[in-house]
Amino acid sequence: MSPWLNSPVAIGVGTREIVVGARVPWPLRLRKSASVAEPASVAIPEEQCCTEPGALDTLRRALADTHIVTSAADAATVPQAFLPKRNAHVVLDDFWGNHAILRGDFRALRARELEEIALAHFTDTYGIDGASLVVRFSVQRGGRALFASAVSRELLDGIHDVSAAEHVGISRLSLCLPEMLNRIGDAAGGGEALLLFVADEQMQAVMIEENRWVAYDAQRLFPGDAGDASRLAELAEQLFERSATRANLKHADCKIYLFGIETELAPFEARFAAAIRQAPPADHSPAHRLMECAQ
């Protein structure tokens, strides 16, 4: 029987590609077990890139591809209508949502009040109808900062509907940035630093102080920007200036940690106290790295 049929899956939803891979225990991934199916990659048509309909149509095709049986015996014993339901973790490119870090005293507020504060921020900032958004949030240690994310309700509902039609149940769904932040841990050794996440369409900055996320900002990237280290360093300086929480904190005194696509360090070292590249990404597409994050 096809190795896909009973496997839980990890799904990376990019802006130009959907990648579906088997979600297997870490020891098996290290051994590269022959029983683990290769990830299935399906490109979003060029005219539908960066659109919700394009992402949903491509997700449908990607999930259908991973249900294909591998022999005539499979086809005889596992009719399409009776394929077992699989479980999936999904990670979306941050292009599909918005993030914010709000500062204030959130220690005494209830979950519903925190949700309303986050929702008000996104609706006021982006002019979006609050009913069209799904908001998730977490209060940072100390209760003085609120990390919040917002995703289109229509997109999330569409992902669940498409997945259900292909016998896949979504057990966890998130944007990429929260997943990355939760895995970084003590990146700056307890001091102040700027974490910079660079992808094809945008770069995101998170200011941290004493292992707390205290400010967030993002910058749209245009064609050619991602491959220009000097341009990225210039934009990183602008993100720092908008994110610094103290007037006397200068970029020349702050370390910057780089995540995401490979880029030269020299332009960043010229502007910041130090530029530290975190583990460089494997030579895979952005959607493939999202899928790996979902594993």
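The values are calculated or read from the model by the stated rules, or taken from the named source; none is laboratory data. If you're wondering where the values come from, they're calculated on a predicted model, not measured in any experiment. Neighbour counts run over all protein chains shown; Cβ positions are idealised from the backbone, glycine included. For the accessible areas, the whole protein counts, side chains as well, though only heavy atoms, and no ligand, DNA or RNA atoms are used. Shrake-Rupley method; radii C 1.70, N 1.55, O 1.52, S 1.80 Å.
Points to keep in mind about this one:
- Accessible surface of segment 91-246, 1.4 Å probe, proportion on carbon and sulfur as whole %: 46 percent
- Close amide H partners of Gly260, meaning residues 5 or more places away or on another chain with modelled amide H under 5 Å apart, are Val198.
- Available extension along the chain between Arg112 and Arg61 is 14.6 nm, counting 0.36 nm per residue and deducting the alpha carbon span.
- Note on Glu234 and Ser171: the extension gain reaches 18.7 nm, defined as 0.36 nm multiplied by sequence separation minus the Cα-Cα distance.
- In sequence order, calculated HN-Hα J values of segment 268-278 (Karplus, 6.51, -1.76, 1.60; Hz; x Gly/Pro): 6, 5, 6, 10, 10, 4, 6, 10, 10, 8, 6
- Length-normalised contact order for segment 104-174 - Cα pairs under 8 Å, 6+ apart - percent: 28 percent
- Length gained when the stretch Thr125-Glu179 is fully extended (0.36 nm per residue, less Cα-Cα span): 17.1 nm
- Asp161-Cys49 pseudo-label distance in nm [points 7 Å out on the Cα-to-Cβ vector]: 2.7 nm
- Label-to-label distance, nm, for residues given as Glu264 and Asn211 (7 Å Cα→Cβ offset): 3.7 nm
- The magnitude of the dipole of segment 188-243, with charges of +1 and -1 set on the Cβ of Lys/Arg and Asp/Glu and taken from the Cα centre, is near 100 debye.
- Projected label points at Asn248 and Ile276, each 7 Å from Cα along the beta carbon direction, are separated by 2.4 nanometres.
- Projecting the Cα positions of Val214, Leu109, Pro178 onto the charge dipole of segment 89-246 (unit charges on Cβ atoms of Lys, Arg, Asp and Glu, taken about the Cα centre) puts Leu109 furthest along the positive direction.
- The value of relative contact order for segment 207-295, using C-alpha pairs under 8 Å at least six residues apart, is 23 percent.
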